[in-house]
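Readers should treat all values here as calculations from the given coordinates under stated rules, not as data from a laboratory. Predicted model, so just to flag it, every value in this text is computed and none were measured. Note that each Cβ is placed from the backbone with ideal geometry, even for glycine, and that neighbours are counted across all protein chains shown.
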């Protein structure tokens, strides 16, 4: 149905919205990323949605629907890192390029393959792009910035569930872990700033020997903590290490990524300085791209005091007031541990950090999502967009549930099986392994 406004603007009660993501296997989803990819139906549930995982083929009937809005999620946009995968996406999703829907992109790590992303956004006629980088938009998007609209976004947003669950966090003295940390070891193609994320773990543990703190710190993939268990881990920690989210190396075409990957195959133990010299000499530090991360937000709400390397943190967190400064080389541990033992100071930092994060209204899903809905609604009138009827859209949603979602669980079971036994498939023959798999399923 339509509502008629005084200036003859039409407001659709139900918008047709397609959301695309590529988060991979659901058992490995991180809560912050899942919340970001599914924010539209969660915070604006009254519209018609098809949420498609691009890990699976896109049904042809979806391409025939006239959507009012198309959301390109951060994990979907990560397909630019692989030329083969990216070319497949451009082919299979070409209907988006020709659609007159309002197209909204939510990239992260904009600095990684930035020129590829820039051209992609122009070619697909994206209307609005939310970058997580507060600065350097003209450097990241020299072409798109001239034809599209860019707004500041964040790597994660605060959900109402987070606020409610951490309304009364676990008391500090009941938390079993003194200092925690989990991170993936990033390759050197994110510059020294990104490399610090993995390097600081071993350095911190080594230099903290003898201080008497109980630590749970790891960069091993087998120790990663997905889903809700991650929030429990954060709340069980009195302090957590935090590094700047971002990169000190701009890699427009992904050339540094490829060079680093190839170099590390032959020199897996090469230190950062050696890789830098051979793969991107003189480039690190020319541009610095950082942003506040979901970990900053989660720790703030959970009352977990952050031992954070110096940085801007999107202008939200202030050194000394909202976190304890930890030098990247861990050279100030005497000062850090002294502050950690100052209960009064720790309590002030807990309170200030939580207030700082909650005080930024644009960090709330409940405020962010309506702005996206309004952008789509504006497109209905300005372009204008004649979407598929509500009846046709509801029919497509039912078909999608029956033909795609019901098969999703089996799809991922197959992926896990072949991931685990792929070597056997090569050795004994894929057909035999496939027959073995289906026998197990019966």
Point to revise | Highest to lowest packing among 64-74, 102-112, scored as the average C-beta count within 10 Å | key: 102-112, 64-74
**Study point:** P(r) of the stretch 101-143 over all Cα-Cα pairs, binned every 10 Å from zero, in whole percent
**Key:** 29, 63, 8
Revision key, fill the gap. Taking N as the residue count of the stretch 172-280, its alpha carbon Rg divided by 2.2 N^0.38 Å gives 1.24
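Using the Cα atoms of the stretch 111-249 to build a convex hull, what is its mean projected area in square nanometres?
On the way: hull surface 43.3 nm².
Its average projected convex-hull area is 10.8 nm².
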Revision key, fill the gap. The exposure ranking of 213, 365, fewest beta-carbon neighbours within 10 Å first, is 213, 365
Review point. Picking from 279, 353, 113, which is most flexible by a Gaussian network model of the chain using Cα springs under 10 Å?
Key: 279
**Study point:** Extension gain from residue 223 to residue 173, taking 0.36 nm per residue of separation minus the Cα-Cα distance
**Key:** 15.5 nm
Practice item. Provide the convex hull volume over Cα atoms per residue for the stretch 31-128, in Å³. Key: 108
Study note, to complete from the structure: Length gained if residue 414 through residue 338 is fully extended, taking 0.36 nm per residue and subtracting the Cα-Cα distance, is 22.2 nm
**Study point:** Label-to-label distance, nm, for residues given as residue 283 and residue 13 (7 Å Cα→Cβ offset)
**Key:** 5.5
Exercise for review: Could you list 314, 334 in order of exposure, starting from the residue whose Cβ has the fewest other Cβ atoms within 10 Å?
Suggested key: 334, 314
Study note, to complete from the structure: Per-residue Cβ contact counts at 10 Å, fewest first, order 80, 91 as 91, 80
**Study point:** Dimensionless Rg/Rh of the stretch 352-421 - Kirkwood Rh, Rg from C-alpha atoms
**Key:** 1.22
Review point. What is the packing order of peptides 369-380, 384-395, 219-230, taking the mean over residues of other C-beta atoms within 10 Å and listing the highest first?
Key: 369-380, 384-395, 219-230
Check your understanding: On average, how much area does the Cα convex hull of the stretch 76-119 cover when viewed from any direction, in nm²?
Key -> 3.2
Practice item. Over 17 Å, how big is the tail of the calculated P(r) for the stretch 228-307, in percent of all Cα pairs? Key: 60
Check your understanding: Quick one: if you stick a label point 7 Å off each Cα along the C-beta vector at residue 151 and residue 258, how many nm between them?
Key -> 3.6
Practice item. For the stretch 9-75, list log₁₀ I(q)/I(0) at each q in 0.13, 0.18 Å⁻¹, using the Debye formula over Cα point scatterers of equal strength and ignoring solvent, two decimals each. Key: -0.39, -0.72
Exercise for review: For residue 406 paired with residue 207, estimate the spin-label separation in nm (one decimal), with each label point 7 Å from Cα along the Cα-to-Cβ line.
Suggested key: 5.9
Point to revise | the chain, Cα convex hull volume normalised per residue, Å³ | key: 174
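Dividing the convex hull volume of the Cα atoms of the stretch 273-343 by its residue count, what figure in Å³ per residue is obtained?
On the way: hull volume 8.2 nm³, N = 71.
Considering the Cα atoms of the stretch 273-343, their hull volume per residue is 115 Å³.
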Point to revise | Length added when fully stretched, residue 366-residue 163, from 0.36 nm per residue minus Cα-Cα | key: 71.9 nm
Practice item. Specify the inter-centroid distance of the stretch 317-336 and the stretch 151-197, based on alpha-carbon positions, in whole Å. Key: 16
**Study point:** Helix-only mean residue ellipticity at 222 nm for the chain, each DSSP H run of n ≥ 4 adding -39500 (n - 2.57), per residue, nearest 500
**Key:** -13000 deg cm²/dmol
Practice item. Put one equal scatterer on each alpha carbon of the stretch 296-406, apply the Debye formula with no solvent term, and list log10 I(q)/I(0) at q = 0.11, 0.14, 0.15, 0.16 1/Å to two decimals. Key: -0.60, -0.71, -0.75, -0.79
Practice item. Take the stretch 132-176, compute every pairwise Cα distance, and split them into 5 Å bins from 0; I just need the percent in each bin. Key: 5, 15, 16, 12, 10, 9, 9, 9, 7, 5, 2
